Amino acid sequence: MNAAFYLTPKSSVVYLYGDQSVRQGLEKMKSHGYTAVPVIDREGKYIGVAAEGDFLWFMFDLARNGNTDIIRDIKNASVQAVINTYKYEPVSVNVSEEELILMAMNQNFVPVIDDRQMFIGIVTRRSIISKITETKEIKQLKKELHR
């Protein structure tokens, strides 16, 4: 099996565009209740993941540097300018199941890209656990039926 077996497609994922403002990013994350979301460019290429901490550190740095108009700056700064692009490495849709599980152990979701670096969706830790549980339950039912 590859990532497609576990994939939540892009059309069902909340994501941000890199050129959106920090304020727009925070508002979208808050309205959906997420602490981290994928970031893509307008062509659909994966850029990284915006996490609450990225925005918090951005605002902290503004305040530490004596900025008195943080509201203005979160309206003007882009999401892409403040995110840590190395935190959530994407995987190919053809990634091995073992590698996918290892990555999901350290983050809530794994971004998935195609061979053109286009964002196609995410694999959540929950989807992996659910599919593994379903598979084990089906195997158990088959064993019981063949007794």
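The values are calculated or read from the model by the stated rules, or taken from the named source; none is laboratory data. Please read all numbers here as calculations on a predicted model, not as lab measurements. Every residue, glycine among them, receives a Cβ derived from its backbone with ideal geometry; neighbour counts consider all protein chains shown.
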Problem - Filtered residue count, the stretch 112-134, keeping only those that are hydroxyl-bearing (Ser, Thr, Tyr) and either over 17 Å from residue 100 (Cα atoms) or not in a helix (DSSP H, G or I) (or both) - result: 1
Handout entry: Members of the stretch 22-44 found to be buried (at least 16 other Cβ atoms within 10 Å of the Cβ) and either over 18 Å from residue 80 (Cα atoms) or in contact (Cβ under 8 Å) with a residue 40 or more places away in the chain (or both), listed by number
Key = 22, 23, 24, 25, 26, 36, 38, 39, 40, 44
Practice task
Scan the stretch 50-73 and give yes if some residue there is in contact with a Lys or Arg (Cβ under 7 Å, 6 or more places away or on another chain) and charged (D, E, K, R), otherwise no.
Solution key: no
Practice task
Keeping to the stretch 60-81, report how many residues are surrounded by 18 or more Cβ atoms within 10 Å (Cβ to Cβ), hydrophobic (A, V, I, L, M, F, W, C) and modelled with pLDDT of 90 or more.
Solution key: 2
Problem - Residues that are more than 14 Å from the chain's Cα centre (by Cα) and within 29 Å of residue 69 (Cβ to Cβ), drawn from the stretch 1-27 - result: 19, 20, 21, 22, 23, 24, 26, 27
